[in-house]
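The values are calculated or read from the model by the stated rules, or taken from the named source; none is laboratory data. Computed from a predicted model, the values in this text were never measured in an experiment. Because the Cβ atoms are built from the backbone with ideal geometry, glycine has one as well, and the counts that use them run over all protein chains shown. Surface accessibility is based on the protein's heavy atoms, side chains included, excluding ligands, DNA and RNA. Shrake-Rupley method; radii C 1.70, N 1.55, O 1.52, S 1.80 Å.
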Amino acid sequence: MPTTTFALIPGAGGSAWFWHRVTPLLAATGATAIPIELPAGDDAADLGRYADIVVESVAEVSAATGPLVLVGQSLGAFTAPIVATRVPTALIVLVNPMVPTAGEPGEPGEQWWENTGQRAARIAYFARIGLSRQDFDPVEDFFHDVPTAVRNEALRQPEPQQSATPFEGPWPLNDWPDVPTRVIAGNDDRLFPLEFQRRVVRERLGLEVDVMPGGHLLALSRPQELVDLLVDIAQF
């Protein structure tokens with residue numbers, strides 16, 4: 001019987017472990033979940049190589065097995081659309097994403113931050129929620145809503161490495177793939193605040209976001225709510 005397959009593409013650091021709370025919950029719905037491990041620390045691996053790995057990971061998925069949904073977390077939004085040009089894809093879902101700009105030439109990832117005004121938006125958001133500092137604290141601001149036990153487990157993982165290579169050079173697509181796309185945003189994301197995300201998604205994709213509770217790491221902080229929303233979105 002055909003089932004929906006969710007290919008789960010991580011953000012910076014490339015760890016499939018990021019999805020470990022989501023994968024069994026998706027499986028419990030009858031779906032197939034494929035968490036992707038990316039060679040994020042390898043300076044020889046660019047976005048094309050990331051896409052190759054995802055394509056290889058979903059090689060067994062076909063029209064006979066059921067629809068393929070590509071889920072891209074944060075930086076994973078740079079990879080998911082590339083994959084969608086290579087394999088039949090029913091849906092792209094971006095989660096707290098860095099939404100790239102297609103074109104000739106495409107936008108390099110290293111320019112994304114300045115082009116979108118992310119830093120100013122983040123600092124303004126910090127002030128609104130009563131944080132006196134301006135600098136981003138990777139532990140506090142990524143994990144502020146993650147349960148303590150999960151946070152501790154995450155911090156016991158090997159230090160995530162992220163090569164600059166995927167951020168270099170123009171994003172390779174001239175147009176966004178002709179694939180239905182949805183965007184999920186956490187209403188308490190400190191890296192990409194909600195109003196910032198709404199603006200960027202409208203400007204770059206012409207879409208509105210699906211808002212859910214939680215910060216940047218929804219797969220760790222709100223796995224059940226995220227799965228419920230993914231399954232609801234992926235109704236074919």
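Things to note:
- Accessible area in square angstrom per residue, segment 128-221, 1.4 angstrom probe: 52 Å²
- Between Thr3 and Ala59, the distance separating the two model label sites (each 7 Å from Cα on the Cα→Cβ line) works out to 2.1 nm.
- Size of electric dipole in segment 165-236: Cβ of Lys, Arg +1 and of Asp, Glu -1, about Cα centre, debye, nearest 20: 140 debye
- Whole-Hz couplings from phi, Karplus 6.51/-1.76/1.60, listed for segment 132-149; x for Gly and Pro: 7, 7, 10, 6, 7, 9, x, 7, 5, 7, 7, 10, 4, 10, 8, x, 4, 5
- Its Cα centre serving as origin, the chain has a Cβ charge dipole (Lys and Arg +1, Asp and Glu -1) of approximately 500 debye.
- Full extension of the chain between Gln111 and Arg128 gives 3.5 nm of extra length, using 0.36 nm per residue less the Cα-Cα distance.
- Segment 72-84 - phi-based ³J(HN,Hα) in whole Hz, Karplus 6.51/-1.76/1.60, Gly and Pro as x: x, 8, 6, 4, x, 5, 6, 8, 3, x, 5, 4, 5
- Seen through its C-alpha gyration tensor, with square-root eigenvalues sorted a ≥ b ≥ c, segment 1-123 comes out prolate because a/c lies at 1.5 or above while a/b is bigger than b/c.
- Rounded to the nearest whole Hz, the Karplus-based 3J(HN,Hα) values (6.51 cos²θ - 1.76 cosθ + 1.60, θ = phi - 60°) of segment 180-192 follow the sequence x, 9, 10, 10, 9, 10, x, 6, 10, 6, 7, 7, 10, with x at glycine and proline.
- Amide H to amide H distances under 5 Å link Arg190 with His216, where only residues 5 or more positions off or on other chains count and H is placed in the peptide plane.
- Most tightly packed first, judged by the mean number of other beta-carbon atoms within 10 Å of their residues, the peptides 158-171, 6-19 read 6-19, 158-171.
- The shape of segment 1-70 comes out oblate: with a ≥ b ≥ c from the C-alpha gyration tensor, a/c is at least 1.5 while a/b does not beat b/c.
- Taking the Cα centre of segment 1-141 as reference, the dipole from Cβ charges on Lys and Arg (+1) and Asp and Glu (-1) amounts to some 540 debye.
- The amide H of Thr32, built 1.01 Å from its N in the peptide plane, has Thr4, Thr5, Phe6 as neighbours under 5 Å, considering only residues 5 or more places off or on other chains.
- Taking amide H atoms as placed 1.01 Å from N in the peptide plane, the amide H of Leu207 lies under 5 Å from those of Arg202, each 5 or more residues away in sequence or on another chain.
- Centre separation in Å (Cα based) which lies between segment 107-186 and segment 67-81: 15 Å
- Peptides 87-95, 110-118 ordered by average Cβ neighbours within 10 Å, highest first: 87-95, 110-118
- Only one residue of Gln197, Ala185, Gln224 has its Cα farthest out toward the positive end of the dipole of segment 177-236, where Lys and Arg carry +1 and Asp and Glu -1 on Cβ, and that residue is Gln197.
- Global geometry of segment 141-212, whether rounded, prolate or oblate, following the gyration tensor of its Cα atoms and the 1.5 cut on a/c: oblate
- Accessible-area composition of segment 13-134, carbon plus sulfur, in percent [1.4 Å probe]: 53 percent
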